[in-house]
């Protein structure tokens, strides 16, 4: 399933679509296909497109960023992807979604749960050091270092918490920490387990752009960074449609 998802994503990737259209325009000498490719790439690289795709994903979870509004739980589940670490680098690099790690630490320090489950391949070397630097006790961190996607995050976390609970049971209620734009799909995967996941969102990219962009010029001028962010949101919508 993991590799099938990768193959499908390759063919619906918004970076591939204009390339295919451009190639078709050349092969069949259809100039209008070339203009469609340019228009698609331009629009996908604007704040307007990014907000159209991202704000509906993020807005339902604005209230869940407040620590005080969240209940206590058995565990805080931190989905990986916000930090990277390679062997040649001494310290992990924080990506845009590193807000997730800080939010998980914030929740733990507020006493919302006794343990933080870090789930994601390579996050033992990436997210765990930052959690410790932010004040989370290493003894309170449990790591699933094998998950490659959100589906595996949910299943491996369920297995980990069951093993910790043992015969006594319990440990079912978790605060789920991930990027706001990723939350709906993450909750969908966790809803198919025995865990009860409460959203605790971070990393509000589109909502911040929507509320913070005041210059009309900025809404229509394309940029590479904006295109990458639009791709995040586009992928989430594809993932949501695929689950239905």
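Please report, ordered by residue number, the helices (runs of 4 or more DSSP H) entirely within the range 1-67 with at least 1 residues that are surrounded by 13 or more Cβ atoms within 10 Å (Cβ to Cβ) and modelled with pLDDT of 90 or more. Break it down stepwise before answering.
On the way: elements: 2-12, 17-27, 31-44, 47-58.
Ranges flagged: 17-27, 31-44, 47-58.
Return yes or no: is residue 149 touching a residue at least 60 places away in the same chain (Cβ under 8 Å) and surrounded by 22 or more Cβ atoms within 10 Å (Cβ to Cβ)? No. If you filter the range 68-77 down to residues that are touching a helix residue (DSSP H, G or I) at 6+ places or on another chain (Cβ under 9 Å) and surrounded by fewer than 21 Cβ atoms within 10 Å (Cβ to Cβ), you find that the one that is nearest to residue 157 (Cα to Cα) is 74. Taking the stated definitions as given, is residue 77 assigned by TED's automatic domain parsing to the domain that holds residue 173, in contact (Cβ under 8 Å) with a residue 12 or more places away in the chain, part of a strand (DSSP E or B) and on the phi < 0 side of the Ramachandran plot? Judged against the criteria, residue 77 is a match.
Being in contact with a helix residue (DSSP H, G or I) (Cβ under 6 Å, 6 or more places away or on another chain) and under 13 Å from residue 139 (Cα atoms) is the filter; apply it to the range 100-121 and report the residue that is surrounded by the fewest Cβ atoms within 10 Å (Cβ to Cβ).
If we filter the range 100-121 for residues that are in contact with a helix residue (DSSP H, G or I) (Cβ under 6 Å, 6 or more places away or on another chain), which is where we start, we get 101, 105, 115-119.
Filter once more, so that each one left must be under 13 Å from residue 139 (Cα atoms): 115-118.
Values: 115: 21, 116: 25, 117: 25, 118: 26.
Residue satisfying both the conditions and the ranking: 115.
Candidates are the residues of the range 209-225 that are in contact with a helix residue (DSSP H, G or I) (Cβ under 9 Å, 6 or more places away or on another chain) and under 14 Å from residue 55 (Cα atoms); the one that is modelled with the lowest pLDDT is 213. Being touching a residue at least 40 places away in the same chain (Cβ under 8 Å), within 29 Å of residue 229 (Cβ to Cβ) and either surrounded by fewer than 16 Cβ atoms within 10 Å (Cβ to Cβ) or touching a strand residue (DSSP E or B) at 6+ places or on another chain (Cβ under 7 Å) (or both) is a description that applies to residue 126.
The values are calculated or read from the model by the stated rules, or taken from the named source; none is laboratory data. Quantities reported herein were computed from a predicted structural model and do not represent experimental measurements. Methodologically, a virtual Cβ is constructed for each residue, glycine included, from the backbone with ideal geometry; neighbour enumeration extends over all protein chains shown.
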